[in-house]
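Readers should treat all values here as calculations from the given coordinates under stated rules, not as data from a laboratory. Only a predicted model underlies this, so the values are computations on that prediction, with no experimental measurement involved. FYI the Cβ positions are ideal-geometry reconstructions off the backbone, even for glycines, and counts take in every protein chain you see.
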Amino acid sequence: MSLLQFFLNHRTEVIELMLEHLWMVGVSTLLAVIIGIPLGILLTRKPIFKRPVLGAANLVQTVPSLALFGLLLPIPFLGDRASRLAILALTLYALLPIIQNTYSGITNVDPAVVEAGRGMGMTDRQLLMRVQLPLALSVIVAGVRVATVISVGLATIAAAIGAGGLGEYIFRGLAMVNNQLILAGAIPAALLALLADFGIGLIEKALRPPAQEEA
Amino acid sequence: MAYCTEHETAPEARAPVTIEFRNVGYRAGQRMILQGLTLGIEQGETCVLLGRSGSGKTTTLKLINRLLDPSEGEVWVEGRQTRDWDPISLRRRIGYVIQEIGLFPHLTIGRNVGLVPELEGWPPDRIQDRVRDLLVRVGLDPALSSRYPRQLSGGQRQRVGVARALAADPPILLMDEPFGALDPITRSEIQQEFLRLRQAMHKTIVFVTHDLPEALLLGTRICLFDAGRLLGTYTPQDFMASRDPMALQYLAAFEGNPKLREGCA
């Protein structure tokens, strides 16, 4: 049975697993954006938090993903549903690139532009909303892009704790020593990652402020 | 304290002091950047702060619009200590032009120029009129309004920077080496434009430069800085005749520059 045939025969299941996969990645990335961007902004305002926050986000990255999924299992409400756990773990992983890019995007805005804004009497909020965030947006989106691509890959491991997603095929294939089954999970996952990378890359490019070239 | 008299308008009427430094010092870490500065700047004068890099000129400027707070002494603007001013409303009354210009690359020229009026809540049609008027005043085509900063030349951008600083008609203008990065021809053009502009609007201007011909050309008074101290204040004529060693050094450095004579004529 060829891979193509497998997809045709199992199309509802494949689509279901893909949707599960996308749901986990989408929700976790959204949560990471909602938490990560404000945190990144906070770091630019209160540099004292920079080390602890980036340190913690970094620490999460060092925990092997399989271990993180396992470690979260005993958490009460979350442990009830494997997908909730998976989303939490993926959110934690996605935080670092988003916080880091938000921070560096804002701090790398041309200091002359910031000084001009401050000198003309912008409040900190106006400076942030009208100058720093618009100019940092493409860098922030680049962080979201990295987070999403990593997340698509990591979400395959969520199947290990029964959260579903394309990892199902991979783990089943591993257990049955069936390469075709592994590929049936791996290829759609890779395609999703590429698609996310390309799609968000387009957004990033559209948001990139044009370089200040000499006329 | 010696105040310079206006040599362009009636010299007998002494204008009120708009900006005053009272024994001001500024420390960054262990280093004293500025010390013992006592200086009064009168309404309507163009006070040029002249000195080499690191002499404290820019620090002096930033103490006026409260981008910095003095470590010692007091800075008074329009009869109030800067510490007692809300920094936002203080800065809205003070135009600020820097060498790097700092135009907002993501906003059109029109929105760059109209930003302070916008923040001040002017109605859009009034902002539009104001922007057009200002662009003409600084010698630019109002059609540039819809362009982006990157589409302009360096000289045009600096003119936009000046227009932006003038947008809400602030009584005070701070300029930090505004023409320093321009080529000599553009620079000379924009200096002449500046002189014309100044005639038309009565502003108190504090202008930082390290270029002596520029100081002599534009200043009604020159404050010579070195190593964080104010060495003295001069009218351009006095400066040319000064025997102060630092002033002599300056004159020697620019000796033979034909602009020197022209400036103080």
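Observations, loosely collected:
- Three-way shape call for the stretch B:174-265 based on the alpha-carbon gyration tensor, with the a/c threshold at 1.5: prolate
- Each Lys or Arg adds one and each Asp or Glu subtracts one; over the other residues with Cβ under 14 Å from the Cβ of B:Tyr250, this totals -2.
- Farthest toward positive dipole pole in the stretch A:48-136 [+1 Lys/Arg, -1 Asp/Glu at C-beta], among A:Pro111, A:Ile75, A:Ile98: A:Ile75
- Residue-averaged 222 nm ellipticity for chain A, from DSSP H runs of 4+ at -39500 (n - 2.57), nearest 500: -25000 deg cm²/dmol
- Rel. contact order, % - alpha carbon contacts under 8 angstrom, at least six apart, chain A: 26
- Relative contact order (%) - criterion: Cα under 8 Å, at least six apart; region: chain B: 25
- Legend: ranking of residues A:Ser151, B:Ser53 from fewest to most surrounding C-beta atoms inside 10 Å; resulting order B:Ser53, A:Ser151.
- Legend: mean number of C-beta atoms from other chains within 10 angstrom of residue C-beta atoms, peptide B:133-145, equals 0.
- Extension gain, A:Ile75 to A:Lys205, is 42.8 nm, computed as 0.36 nm per intervening residue step minus the present C-alpha separation.
- Label-point gap, in nm, between B:Asn257 and B:Asp125 - each point 7 angstrom along Cα→Cβ: 4.9
- Residue mean of other protein chain beta carbons inside 10 Å, B:96-104: 6
- Simple label model, 7 Å out from Cα along Cβ direction - A:Lys50 to B:Asn23, nm: 3.7
- In plain terms, the residue of B:Lys57, A:Lys46, B:Lys259 with the fewest other Cβ atoms within 10 Å comes first and the most crowded comes last, giving A:Lys46, B:Lys259, B:Lys57.
- Residue mean of other protein chain beta carbons inside 10 Å, B:81-91: 2
- Theoretical ellipticity at 222 nm over chain B - DSSP helices of four or more residues, -39500 (n - 2.57) apiece, nearest 500: -10000 deg cm²/dmol
- A:Ala190 versus B:Arg147: modelled label distance in nm, points set 7 Å from Cα along the beta carbon direction: 5.0
- Beta bridges assigned by DSSP with both partners in the protein assembly as shown are antiparallel in approximately 50 percent of cases.
- Taking other C-beta atoms within 10 angstrom as a stand-in for reagent exposure, B:Ile94, A:Ile34, B:Ile88 fall in the order A:Ile34, B:Ile88, B:Ile94, fewest first.
- Percent RCO, i.e. relative contact order, over the stretch B:169-265, from Cα pairs under 8 Å lying at least 6 residues apart: 26
- Cα gyration tensor, the stretch B:9-91 - rounded (a/c under 1.5), prolate or oblate: oblate
- Taking a point 7 Å from the Cα of A:Ala112 along the Cα-to-Cβ direction, the residues of the stretch B:89-108 with backbone N closer than 19 Å to it are B:95-108.
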